[in-house]
1. Is it true that Leu91 is more than 30 Å from Leu58 (Cα to Cα) and crowded, with 17+ Cβ neighbours inside 10 Å?
2. Report yes if some residue within region 95-105 is surrounded by fewer than 17 Cβ atoms within 10 Å (Cβ to Cβ) and closer than 21 Å to Ala190 by Cβ; otherwise report no.
3. If you scan region 137-163, which residues turn out to be away from ligand 1 (no atom under 12 Å from the Cβ), of a type in the set (Gly, Ala, Ser) and either under 14 Å from Thr76 (Cβ atoms) or at pLDDT below 95 (or both)?
4. Just checking, which of Gly75, Gly79, Gly86 is buried (at least 20 other Cβ atoms within 10 Å of the Cβ), assigned to a loop (DSSP other than H, G, I, E, B), in contact with an Asp or Glu (Cβ under 8 Å, 6 or more places away or on another chain) and modelled with pLDDT of 95 or more?
5. Can you find, within region 76-93, the residue that is farthest from Asn158 (Cα to Cα) among those that are away from ligand 1 (no atom under 13 Å from the Cβ) and under 13 Å from the mean Cα position of the chain (by Cα)?
6. Do you know which of the residues in region 44-70 that are assigned to a loop (DSSP other than H, G, I, E, B) and surrounded by fewer than 22 Cβ atoms within 10 Å (Cβ to Cβ) is nearest to ligand 1 (Cβ to nearest atom)?
7. For region 73-86, which positions are within 13 Å of ligand 2 (Cβ to nearest atom), more than 20 Å from Arg53 (Cα to Cα) and touching a residue at least 60 places away in the same chain (Cβ under 8 Å)?
8. Can you give me the number of residues within region 176-191 that are surrounded by fewer than 23 Cβ atoms within 10 Å (Cβ to Cβ) and either closer than 20 Å to Ser114 by Cα or touching a Lys or Arg at 6+ places or on another chain (Cβ under 7 Å) (or both)?
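The values are calculated or read from the model by the stated rules, or taken from the named source; none is laboratory data. The shown structure was predicted, so the numbers you read here are calculated from the model rather than taken from an experiment. A quick note on method: Cβ atoms are made from the backbone with ideal geometry, for glycine too, and the neighbour counts reach across all protein chains shown.
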Amino acid sequence: MNPQLTRRRFIKGVIFSGAAATTGTGLYFAANAQSGQSGAERLITLNINGRNRPVDVLPSETLAYTLRYKLDLTGTKIGCNRGECGACTVLIDGVANYSCSVLTHNVKNKAVISIEGVKAADGTLHAVQAAFIAENAPQCGFCTPGQVMSAVALLNRNPRPTKQEAREAMSGNLCRCGAYEHYLNGVLRASGQLA
Ligand code: FES
Ligand code: FES
């Protein structure tokens, strides 16, 4: 391993951009989901992270696929690709959604925020991102972008959730590394309830 690539630097990279290795499974399902479709491509404009992005989108294309493979926003992960794991979570008009289960054509007039759009314009991490680092929440990091998005959505509507409220709000985000307590403590830290 490159000695410069410490664990903490790796975690910061994950938190910042959602950069983590894509599983072969995710690519397999995503590729299959797009195969065999014969509909004509259509140029639409999406509002992603505050920018209007023109993109050709097939009628049955999912938002997760568009983000990753058309717009190069690879921070959004595809794990199960069928609405079970939460790795693909993004905000649509401020609400956390599984982007693998949303058709891109259905968000044409909505504001989409992906993990790349969470930090401030000057690069300052969101409080949730900083808190997850402080709590050493990311282990492999694959679930982390989705965890961040769900936590951001929660704190936007409930700035000081109880631990139980946080647990319920984050229950749609699975973590195969089992770092649930770390993520929950991160939510509490981001809301100012942990020193
Ligand atoms: S990839 Fe969307 S819920 Fe698992
Ligand atoms: S940190 Fe590995 S899946 Fe959650």
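1. Numbers: more than 30 Å from Leu58 (Cα to Cα): no; crowded, with 17+ Cβ neighbours inside 10 Å: yes.
No.
2. Looking for residues that are surrounded by fewer than 17 Cβ atoms within 10 Å (Cβ to Cβ) and closer than 21 Å to Ala190 by Cβ, one finds at least one in region 95-105, hence yes.
3. Hit for region 137-163 is Gly141, nothing else.
4. Checking each option against the conditions leaves just Gly75.
5. Here the residue is Ile92.
6. If we take residues in region 44-70 being assigned to a loop (DSSP other than H, G, I, E, B) and surrounded by fewer than 22 Cβ atoms within 10 Å (Cβ to Cβ), then Ser60 is nearest to ligand 1 (Cβ to nearest atom).
7. Here is the first cut: in region 73-86, the residues within 13 Å of ligand 2 (Cβ to nearest atom) are 77, 79-80, 85-86.
Within this subset, residues satisfying the condition of being more than 20 Å from Arg53 (Cα to Cα) are 79-80, 85-86.
Correct list: Gly79, Cys85, Gly86.
8. Of region 176-191, the ones surrounded by fewer than 23 Cβ atoms within 10 Å (Cβ to Cβ) are 176-182, 184-185, 188-189, 191.
From what is left, the residues that are either closer than 20 Å to Ser114 by Cα or touching a Lys or Arg at 6+ places or on another chain (Cβ under 7 Å) (or both) are 184, 188, 191.
So the answer is 3.
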